[in-house]
Structure formats: structure tokens, C-alpha cells
Amino acid sequence: MRNTRRMLVYAALFVVMLPVAAAQQQPAHHWAIVLHGGAGVIERRTMDPGTEAAYRASLTQAIQAGSAILAQGGSSLDAIEAAIRILEDDPLFNAGRGAVFTAEGKNELDAAIMDGATLKAGAVAGVTRTRHPISLARAVMEKSPHVMLIGAGADAFAGEVGLEQADPSFFFTERRWQSLVRQLKKEGRPIPPRPSGAPPPPPVPMAEIEAAGAHKFGTVGVVALDRAGNIAAGASTGGTQGKRWGRVGDTPIIGAGTYASNQSCAVSATGTGEYFIRLTVAREVCALVQYKGMKLQQAADQVIHKELKALDGDGGLIAIAPDGQMAWSFNTPGMYRALQAEGGKLEIGIFAEPSSNTE
Ligand code: ASP
């Protein structure tokens with residue numbers, strides 16, 4: 001009799017636990033990813049259909065690489081790194097190969113990554129030899145006791161941890177070079193010699209994609225939410241064209257251009273970095289979410305359309321929250337951008353309509 005009762009208790013327990021076990025096998029969170037490829041004077045009337053198609057194809061390829069990792073249960077950090085590595089190799093974007101030039105005719109690269117689950121972060125600035133600065137930022141986070149490394153020391157660390165090194169001429173693109181020369185001529189500043197190792201100049205100057213005097217866009221950034229419920233942010237850039245004196249922008253400054261915390265949100269910003277540093281834009285958005293209880297889109301719009309505008313700053317941002325909210329906001333004529341969430345459709349945008357997104 002006692003045995004029968006025990007059996008009944010076990011049977012009841014089994015029935016009760018079944019759905020629990022099933023629930024544990026289900027992913028707790030729906031994954032999501034948002035990406036930007038820089039904000040600036042990007043207008044339909046100055047962009048030919050071929051160029052637009054090329055940008056759309058690149059954005060699609062990068063976000064799909066990130067989505068595939070998240071769909072397989074991979075981490076937000078892995079998805080971000082994979083998507084950014086693709087854009088760093090893509091000469092259309094101001095990151096890795098295709099980065100803008102400094103006034104001295106160099107490519108000085110910045111990158112950062114932050115893990116919202118642990119608040120660990122890694123950043124690099126002024127790197128000239130590491131093919132994938134985003135992977136170097138991740139190595140700083142995971143394999144060094146530091147958060148930020150700069151210049152030759154950062155490249156040396158990259159070599160020590162086995163990251164691919166390249167000759168500085170690897171990052172050279174004709175389009176960015178001619179754009180620098182045009183800017184320096186216009187400003188009456190000296191033109192540096194063509195970098196050694198660069199291919200010979202083409203007989204005919206290349207057509208300008210950007211409006212004259214426009215902010216030289218193309219920084220790349222990604223924020224993601226994985227199935228474990230962790231968010232992260234990462235970004236990579238060549239900074240601003242014609243920069244001098246070892247200038248570093250907001251991208252590798254944690255809290256300014258890049259920030260992630262599971263307590264609030266993950267943000268990657270793009271625009272003229274000086275304003276984003278002064279406003280600590282990325283942290284500001286997350287603080288509004290965390291302490292004021294704002295919706296993500298509302299917080300993003302408040303910072304971009306009110307606080308940044310008040311300083312006459314230009315640019316935009318992408319953001320994601322652990323509950324799956326996604327947002328983008330920009331006060332420039334355009335921002336290259338894409339988003340995808342589990343079960344949802346891929347959305348890609350370039351020009352200002354719509355200027356913001358809520359999911
Ligand atoms: N924010 C970057 C910087 O100032 C540039 C950009 O986003 O286009 O370095």
C-alpha cells in the first residue's frame with residue numbers, strides 16, 4: 001500500500017515536471033539584431049541605383065551572418081563580431097579596409113565591444129596594422145586585464161594573441177584617398193604623399209559618392225540580443241576624415257559611442273564623435289531607460305533629436321533592450337541600417353524615411 005502511494009506520488013511528480021523540462025528546452029528569449037553602417041548626408045538624389053544596391057547587399061550579408069549565429073543559439077558577442085568583420089572587409093564602409101584617411105594620409109582604426117551580461121568591455125584606438133579591429137577589441141576584453149589599448153601597443157598585443165596583421169596599405173581605397181585629397185585642397189591644407197604600397201592612381205578621378213563637405217560616414221556598429229537573454233554592443237571605424245594629432249572619436253569610448261548593460265540596453269552610435277563623447281550618448285540612452293523607465297525608442301529620440309540637436313551635433317544610433325525592443329534614431333538625412341528579429345522580416349533602410357523605428 002505504501003509502495004503504491006509512493007508510485008502515485010512519483011507518477012504525479014513526473015506529470016508535473018514534464019512541462020518544466022519542455023520549457024527548459026525552449027529558448028527563453030527571441031533573438032534580435034540591429035546594425036548601422038554610419039549616418040550622414042546620405043540622400044536619394046545623389047545616390048545612383050547601383051551604389052544603393054551595393055550598400056543594401058552589404059548590409060544584408062552582414063546582418064544575415066549575425067542572425068545565423070543567433071538563430072543557432074550563439075552569443076550576442078559572436079554575432080556582433082561576425083557581422084562587423086564582414087563590414088570591416090567591405091570597402092564601402094569606414095571601418096577596416098575602406099576607412100577614411102587622417103590628414104597625414106594614414107588609416108587609424110578604432111573599435112569597441114561591450115558585454116551587457118558582465119559589463120566587461122574592450123576597446124582599441126589608432127590601430128594601423130590589425131585587419132579586424134573588432135576582434136582586437138574583443139581580445140582586449142577577454143585576454144587582457146585592460147579595457148582600452150592604443151596605437152602600436154594595441155597592434156603588438158593583436159600579434160601576440162594571434163590576430164591577423166596587415167601592411168597599412170591593405171586598408172587603402174582609392175575612393176577614400178581622393179575624398180581626402182579633395183577635402184584638404186578645399187581647406188587649403190597640405191596634401192600628404194600617396195601612401196607607400198598603394199596601387200598607382202587611376203587615369204580618371206573617381207566619382208564622388210558623398211555630397212561635397214558632407215560628414216564622411218560609414219562607421220559600422222551592431223547591437224544584439226541572444227537566446228540566453230544577453231545583449232551586447234560593438235562598433236568599428238576609421239573615425240573622421242582628415243583627423244589630426246591622434247584624434248580619437250566616440251566609437252571606442254565606452255559610454256559615448258558604445259555601451260551595453262542587461263539592466264537597460266545596448267547602443268552603438270555614429271556621427272561626429274566629439275558631440276557623442278560630450279553627451280556620453282550611449283550611456284545617456286540607457287540611463288533614461290534604466291532610471292526614467294522610458295521606452296527604448298523614446299530614449300533614443302530624446303537623446304538624438306533633443307540633446308544632440310541642442311549642441312548642433314549630427315548623427316544617430318541603434319539600440320536594443322533585453323526584452324526585445326529595438327530602436328534607431330538619427331538627425332541626419334540618412335543612416336545605413338538594418339534590423340532583424342526572430343520570426344520577423346529583415347528591414348533595411350538608408351534614407352530618412354522613416355526617421356525612427358519601433359518594434
Ligand atoms: N563617430 C565616429 C567618430 O567620430 C565617426 C562616425 O560615426 O562616422 O570617430
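Is it true that some residue in region 45-52 is modelled with pLDDT under 85 and either surrounded by 10 or more Cβ atoms within 10 Å (Cβ to Cβ) or within 16 Å of the ligand (Cβ to nearest atom) (or both)? Yes.
So that you can scan it fast, the table gives a plain yes or no per residue for (1) at pLDDT below 95; (2) crowded, with 24+ Cβ neighbours inside 10 Å; (3) more than 25 Å from Ser196 (Cβ to Cβ):
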residue: Ile80; (1), (2), (3): no, yes, yes
residue: Arg97; (1), (2), (3): no, no, no
residue: Glu104; (1), (2), (3): no, no, no
residue: Ile113; (1), (2), (3): no, yes, yes
residue: Lys120; (1), (2), (3): no, no, yes
residue: Thr130; (1), (2), (3): no, yes, no
residue: Val140; (1), (2), (3): no, yes, yes
residue: Ala152; (1), (2), (3): no, no, no
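Taking region 255-272 as the range and being crowded, with 24+ Cβ neighbours inside 10 Å and not hydroxyl-bearing (Ser, Thr, Tyr) as the test, the residues that pass are Ala256, Gly257, Ala260, Cys265, Ala266, Val267, Ala269, Gly271.
Given the condition outside any loop (DSSP other than H, G, I, E, B) and touching a strand residue (DSSP E or B) at 6+ places or on another chain (Cβ under 9 Å), answer yes or no: does some residue in region 87-95 qualify? Yes; the residues of region 87-95 include at least one that is outside any loop (DSSP other than H, G, I, E, B) and touching a strand residue (DSSP E or B) at 6+ places or on another chain (Cβ under 9 Å).
State which residue is nearest to the ligand (Cβ to nearest atom) when the search covers only region 254-265 and only residues that are under 20 Å from Gly218 (Cα atoms) and not in a loop (DSSP other than H, G, I, E, B). Filtering first and then ranking leaves Thr258. Among residues that are surrounded by fewer than 22 Cβ atoms within 10 Å (Cβ to Cβ), in a helix (DSSP H, G or I) and touching a strand residue (DSSP E or B) at 6+ places or on another chain (Cβ under 7 Å), Gln290 is not included.
Return yes when Ala228 is near the ligand (Cβ under 9 Å from one of its atoms) and either surrounded by fewer than 24 Cβ atoms within 10 Å (Cβ to Cβ) or at pLDDT 95 or above (or both) and no when it is not.
No; evaluated as a whole, the condition is false for this residue.
Can you say whether Arg244 is within 14 Å of the ligand (Cβ to nearest atom) and either closer than 22 Å to Ala83 by Cβ or charged (D, E, K, R) (or both), as far as the supplied structure shows? Considered against the rule, which asks whether it is within 14 Å of the ligand (Cβ to nearest atom) and either closer than 22 Å to Ala83 by Cβ or charged (D, E, K, R) (or both), Arg244 comes out as yes. Would you be able to tell me the number of residues in region 107-157 that are in contact (Cβ under 8 Å) with a residue 60 or more places away in the chain, within 23 Å of Ala287 (Cα to Cα) and small (Gly, Ala, Ser)? Looking only at that region, the number is 6. Of the residues Thr251, Thr270, which single one is within 20 Å of Met114 (Cβ to Cβ), assigned to a strand (DSSP E or B), near the ligand (Cβ under 8 Å from one of its atoms) and in contact (Cβ under 8 Å) with a residue 24 or more places away in the chain? Of the residues listed, the single one that is within 20 Å of Met114 (Cβ to Cβ), assigned to a strand (DSSP E or B), near the ligand (Cβ under 8 Å from one of its atoms) and in contact (Cβ under 8 Å) with a residue 24 or more places away in the chain is Thr270. Of all the residues in region 174-217, those that are within 16 Å of the ligand (Cβ to nearest atom), within 24 Å of the chain's Cα centre (by Cα) and at pLDDT 90 or above number 4.
The values are calculated or read from the model by the stated rules, or taken from the named source; none is laboratory data. Since this is a predicted model, take the numbers as computed values, not measurements. Because the Cβ atoms are built from the backbone with ideal geometry, glycine has one as well, and the counts that use them run over all protein chains shown.
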